[in-house]
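Structure first, then comments.
The values are calculated or read from the model by the stated rules, or taken from the named source; none is laboratory data. All values reported here derive from a predicted model rather than from experimental measurement. Cβ placement follows ideal geometry from the backbone for every residue including glycine, while neighbour counts extend to all protein chains displayed. Surface accessibility is based on the protein's heavy atoms, side chains included, excluding ligands, DNA and RNA. Shrake-Rupley method; radii C 1.70, N 1.55, O 1.52, S 1.80 Å.
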Amino acid sequence: MNDMTETNGTNDTNLMTETQVTLTFGALLHDIGKIVQRAGAGTGRATHSRQGADFLADLQGRNPGISDAIIDQVRYHHAREMKAATAATLPADSLAWITYFADNISAGMDRKYTDDDNEAPDWDPNVKLHKIFNIIDGHTDENTIEIGDIDGKPGSYNAIRERIATHLESIEVSPRGVNSLINLLEATTDTVPSSTNKAQLVDVSLFDHAKTTAAIAACIHAYLDATDQTDYRATLFDQDTSPAYYDTDMFLLYSLDMSGIQSFIYNISGDGALKQLRARSLYLEMMLEHIADELLARLQLSRANLLYTGGGHAYLLLPNTARVIETLSSFRREVSDWFLSHFRTDLYLAAARVTCSSNDLANSGDDKNRYRNLYRELTRQLADAKASRYTADTIRKLNFKQAGEQDSRDHSRECTECHRSDLHISDRKCSLCNALGEISADLARKDIFVVSRADADTDGRGYVLPLPFDCVFSVYSENEYRKNTPANLLRVYTKNSPSTGLDLATHIWMGDYAAPVRDGIGDYARGGETLPDGLGIKRLGVLRADVDNLGWVFTHGLPPDKASISRSSTLSRALSRFFKYELNRVLAAGGYRAQIIYSGGDDLFLIGNWSDVLYAARDIRDALDDFTGNGVLTLSAGIGMYTATFPIARMAAEVGCLESVAKRRDGKDALALWSADTVYGWGEFESEVWPKLHEVQRVFEDNEKGKAFIYRMIALLRNSQDSISIPRLAYLLARSFEGKQNGTEVSRQFYGWAIDTAQRRYLITALEWYVYSIREKG
């Protein structure tokens, strides 16, 4: 086996062997024939396995890297073809046996027929992909909600087939080429159903199935290699030996969990605090991506084995071998030392792992909780790790200077933004805050993130950010990158554009919506898309929200008989896509004067014009409802209103408290608006507060009542426990609308709302909202 260390303009340390690369390519492409078959471009009624193999064979002349060993994994990944193969055509050490085994595990318990079995009762090549949310929390797939822009017709599939063929001609069969292939398959097949048999669930995409198959195959190969087994047929296929390997713990489910994120992002102050909020969030996102990629490189694996990353969490599927466990231990110490060196105890990365078998991952057998129990155990271990973060020796080092240790830092000065005094200070700021301030302006307009060695020439950039393993992070536009590719380049990431054209780049989704500003986020306070020109109180709005009961959804939401690695991967990726990509589209459609500060796997922090943030919150909640389908998942949120000079840390803390108040409401699915006393269910807000706002707008615009009158109304309504307040309100309404068109009806309507406790709350909120929107200054 030859090492395939990358030299394609990078210094990636991934030492995947030629065999490992071949296996991963073949596993990723094993079902490519389904695209060819559904496009009607293959050979008659040939199986998708044969049509996929023929498709790749046609490309060999243009890309010699597509070897026969790759094609064999496509031609032979179902038992029928494998039983018919001879030892000469399919040797016992062929990688196809591994891909066959991995394909079965990835497909889980759903597989009773292959897509081209004539026995399949409901095979429909035109069926669309169903949403994974159709079966969450007791829902059934009977009232199916479809997803994607694939109409299931041959023309759509043919366009996909042609796009894949064009790109496969130039993709290099190499470790980094694996990531290019993953990008390509995500861009082309993430809304294509893996199975089109309507007798089964049709809720796992071809991309998710291919990716998990590749992850499982890589782990099986490493495990068998570590145990000196090369007769893959006997081990994984023959009936007298292979059943035992379905219960063999060949895998590790590994999790990373970063603590201290909220404090790191929000506990800053000073003139530049608002400017660097998004930069701090992105820095941590990229740090976790880099840590995961570095671990995969050291383990000779690809990003196919990265099941999920986002919101400070990462899940990876790894081989259960002594080498891997030893690497995890040393890797964990190295990362921990780096965090302590750069952030002391402000940030911490916990890690946990559980061993598992193929039947655990496929959730096969009598115990239908075996797959969800893996995540329960990971959660328990992570909690234990966080509760005992540091050894006694580490605590001593943190608190006492070691013998012979020199410290040249001036601890009498602290950074004006992060307030640390243990770092070198320049121009009143530490080097990290200086770099974050400089890089923040580039984030909205530059889409290429580069990781290089710390001693690299970064084209004169003075704002590189430190990363673990002696690396730095910088931001480029595509033009800058192509004109002057950085030296000592390790990895390249592109955001929100899987078809960027940078073949060696890794694509990531990122919530990065930011309406333009001239002097920073404080500009948003001066006006919003949803306010009349020149009107409205000059305030920032802050939204914090997250999905209700998401941990429960992942551990219990999938029905026990349907839980599997493919479905949990599909669910994770769907939620990540919403909060890291769809959210951008929702905000752009509204044209909102706002900026995403943080948007992880299930939660978000948005800051902008107060009115735009309120409208945006409503749109986000509705979009999540549409995305998941009819209330399958709910969102609780807090919204606060602040001057632009209010400390950002206090904004975050106070709105975080509002979010918590909303979550304490019975049934959750709520909004705490401006204070803990105004908490509404979203349905209640939509049906009661929103219509009253529109009625208030109509009445006062028609009758031109001044703000003083509205303030008087609010004061009387708030003081309703005083027995004289409501009669005074009745008198005020009668006098003020006397002689006006429909004045009597308006007075009676407002009075009716005022004497009803629930309606009175709605009216107060509507009046406050309206008066904030018509203030001319302040």
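For the range 422-448, name all the residues that are touching a residue at least 12 places away in the same chain (Cβ under 8 Å) and assigned to a loop (DSSP other than H, G, I, E, B). Scanning the range 422-448 gives 422, 423, 424, 428, 444, 445, 446, 447.
Being out of contact with any Gly (no Cβ under 9 Å at 6 or more places or on another chain) and of a type in the set (Gly, Ala, Ser) is the filter; apply it to the range 440-454 and report the residue that is least open to solvent (accessible area, probe 1.4 Å). Looking at residues that are out of contact with any Gly (no Cβ under 9 Å at 6 or more places or on another chain) and of a type in the set (Gly, Ala, Ser), I get 452.
Of the set (1) open to solvent by less than 40 Å² (accessible area, probe 1.4 Å); (2) under 28 Å from residue 314 (Cα atoms); (3) not polar (S, T, N, Q), all apply to residue 608 but (2).
Which of the helices (runs of 4 or more DSSP H) contained wholly in the range 213-283 include at least 2 residues that are closer than 28 Å to residue 352 by Cβ? I'd like the intermediate steps shown before the answer.
On the way: elements: 232-236, 242-245, 261-266.
Output list reads 242-245, 261-266.
The residues of the range 533-552 that are in contact (Cβ under 8 Å) with a residue 40 or more places away in the chain and out of contact with any helix residue (DSSP H, G or I) (no Cβ under 6 Å at 6 or more places or on another chain), listed by number, are 534, 545, 546, 547, 548, 549, 550, 551.
Annotation note: Cβ proximity below 6 Å between a residue of the range 370-385 that is within 10 Å of residue 255 (Cβ to Cβ) and a residue that is open to solvent by less than 20 Å² (accessible area, probe 1.4 Å) and charged (D, E, K, R) (sequence gap 6+ or interchain) occurs for 382/257.
Within the range 190-201, identify whether any single residue is among the β-branched types (Val, Ile, Thr), surrounded by 24 or more Cβ atoms within 10 Å (Cβ to Cβ), over 23 Å from residue 491 (Cβ atoms) and modelled with pLDDT of 90 or more, and answer yes or no. Yes, there is a match, as at least one residue in the range 190-201 is among the β-branched types (Val, Ile, Thr), surrounded by 24 or more Cβ atoms within 10 Å (Cβ to Cβ), over 23 Å from residue 491 (Cβ atoms) and modelled with pLDDT of 90 or more.
Determine whether residue 689 is among the hydrophobic types (A, V, I, L, M, F, W, C) and open to solvent by less than 10 Å² (accessible area, probe 1.4 Å). Taking the combined requirement at face value, the residue satisfies it. Of the residues contained in the range 476-487, one or more are found to be open to solvent by less than 50 Å² (accessible area, probe 1.4 Å), in a helix (DSSP H, G or I) and under 30 Å from residue 433 (Cβ atoms).
Determine if the range 713-731 includes at least one residue that is among the polar types (S, T, N, Q), within 23 Å of residue 530 (Cα to Cα) and in contact with a helix residue (DSSP H, G or I) (Cβ under 6 Å, 6 or more places away or on another chain). So that I can check it myself, show each step before the final result.
To start, the set of residues in the range 713-731 that are among the polar types (S, T, N, Q) comprises 719-721, 723, 725.
Restricting the remaining residues to those that are within 23 Å of residue 530 (Cα to Cα) gives none.
No; the residues of the range 713-731 include none that is among the polar types (S, T, N, Q), within 23 Å of residue 530 (Cα to Cα) and in contact with a helix residue (DSSP H, G or I) (Cβ under 6 Å, 6 or more places away or on another chain).
Quick grid of which residues meet (1) closer than 22 Å to residue 552 by Cα; (2) out of contact with any Cys (no Cβ under 7 Å at 6 or more places or on another chain); (3) not β-branched (Val, Ile, Thr):
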| site | (1), (2), (3) |
| --- | --- |
| 625 | yes, yes, yes |
| 635 | yes, yes, yes |
| 644 | no, yes, yes |
| 651 | no, yes, yes |
| 660 | yes, yes, yes |
| 666 | yes, yes, yes |
| 678 | no, yes, no |
| 694 | no, yes, yes |
| 699 | no, yes, no |
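Taking (1) at pLDDT 85 or above; (2) surrounded by fewer than 18 Cβ atoms within 10 Å (Cβ to Cβ); (3) among the charged types (D, E, K, R) in turn, residue 401 satisfies each apart from (1).
What's the total number of residues in the range 309-333 that are among the hydroxyl-bearing types (Ser, Thr, Tyr) and assigned to a helix (DSSP H, G or I)? Give the steps one after another, and end with the answer.
The first filter runs over the range 309-333 and keeps only residues among the hydroxyl-bearing types (Ser, Thr, Tyr), leaving 309, 315, 321, 327, 329-330.
From what is left, the residues that are assigned to a helix (DSSP H, G or I) are 327, 329-330.
So the answer is 3.
Scanning the range 645-682 for residues that are among the basic types (Lys, Arg) and touching a residue at least 24 places away in the same chain (Cβ under 8 Å) yields 663, 665, 668. Here is a list: 579, 605. Which entry is in contact with a strand residue (DSSP E or B) (Cβ under 7 Å, 6 or more places away or on another chain) and under 21 Å from residue 205 (Cβ atoms)? Within the list 579, 605, the selection yields 579.
For residues that are open to solvent by 70 Å² or more (accessible area, probe 1.4 Å) and free of Cβ contacts under 8 Å to residues at least 24 places away in the same chain, tally how many sit in the range 728-750. Don't jump to the end; show me each part of the working.
Restricting attention to the range 728-750, the residues satisfying the condition of being open to solvent by 70 Å² or more (accessible area, probe 1.4 Å) are 728, 731, 735, 738-742, 744-745, 748.
In the following step, the residues that additionally are free of Cβ contacts under 8 Å to residues at least 24 places away in the same chain were identified as 728, 731, 735, 738-739, 742, 744-745, 748.
Residues flagged as open to solvent by 70 Å² or more (accessible area, probe 1.4 Å) and free of Cβ contacts under 8 Å to residues at least 24 places away in the same chain within the range 728-750 amount to 9.
Tallying residues that are in a loop (DSSP other than H, G, I, E, B), open to solvent by less than 40 Å² (accessible area, probe 1.4 Å) and either in contact with a strand residue (DSSP E or B) (Cβ under 6 Å, 6 or more places away or on another chain) or touching a residue at least 60 places away in the same chain (Cβ under 8 Å) (or both) within the range 624-643 yields 4.
Scanning the range 301-311 for residues that are open to solvent by less than 10 Å² (accessible area, probe 1.4 Å) and under 16 Å from residue 281 (Cα atoms) returns a single hit, 310.
For the range 28-43, indicate whether the set of residues that are loosely packed, with under 15 Cβ neighbours inside 10 Å, part of a loop (DSSP other than H, G, I, E, B), in contact with a Pro (Cβ under 9 Å, 6 or more places away or on another chain) and at pLDDT below 85 is non-empty. Before the answer, list the steps.
Kept after step one, since they are loosely packed, with under 15 Cβ neighbours inside 10 Å, are these residues of the range 28-43: 40, 43.
Now narrow it down to the ones that are part of a loop (DSSP other than H, G, I, E, B): 40, 43.
Right, trim to in contact with a Pro (Cβ under 9 Å, 6 or more places away or on another chain) and you get 40.
Add one more test, that the residue is at pLDDT below 85, and what stays is 40.
For the range 28-43, residues loosely packed, with under 15 Cβ neighbours inside 10 Å, part of a loop (DSSP other than H, G, I, E, B), in contact with a Pro (Cβ under 9 Å, 6 or more places away or on another chain) and at pLDDT below 85: present.
Condition check ((1) out of contact with any Lys or Arg (no Cβ under 8 Å at 6 or more places or on another chain); (2) surrounded by 15 or more Cβ atoms within 10 Å (Cβ to Cβ); (3) not polar (S, T, N, Q)) across all residues:
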position: 330; (1), (2), (3): yes, no, no
position: 335; (1), (2), (3): yes, yes, yes
position: 341; (1), (2), (3): yes, no, no
position: 350; (1), (2), (3): no, yes, yes
position: 353; (1), (2), (3): yes, yes, yes
position: 357; (1), (2), (3): yes, yes, no
position: 363; (1), (2), (3): no, yes, no
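Checked against (1) surrounded by 18 or more Cβ atoms within 10 Å (Cβ to Cβ); (2) free of Cβ contacts under 8 Å to residues at least 12 places away in the same chain, residue 68 passes all but condition (1). For residue 424, the conditions (1) at pLDDT 85 or above; (2) in contact with a Lys or Arg (Cβ under 7 Å, 6 or more places away or on another chain); (3) open to solvent by 70 Å² or more (accessible area, probe 1.4 Å) are fulfilled apart from (1).
When the residues of the range 581-605 are filtered to those that are open to solvent by less than 10 Å² (accessible area, probe 1.4 Å) and in a helix (DSSP H, G or I), the one that is nearest to residue 304 (Cα to Cα) is 583.
Out of the range 546-566, which residues are part of a loop (DSSP other than H, G, I, E, B) and within 15 Å of residue 135 (Cβ to Cβ)? Hits for the range 546-566 are 558, 559, 560, 561, 562, 563, 564.
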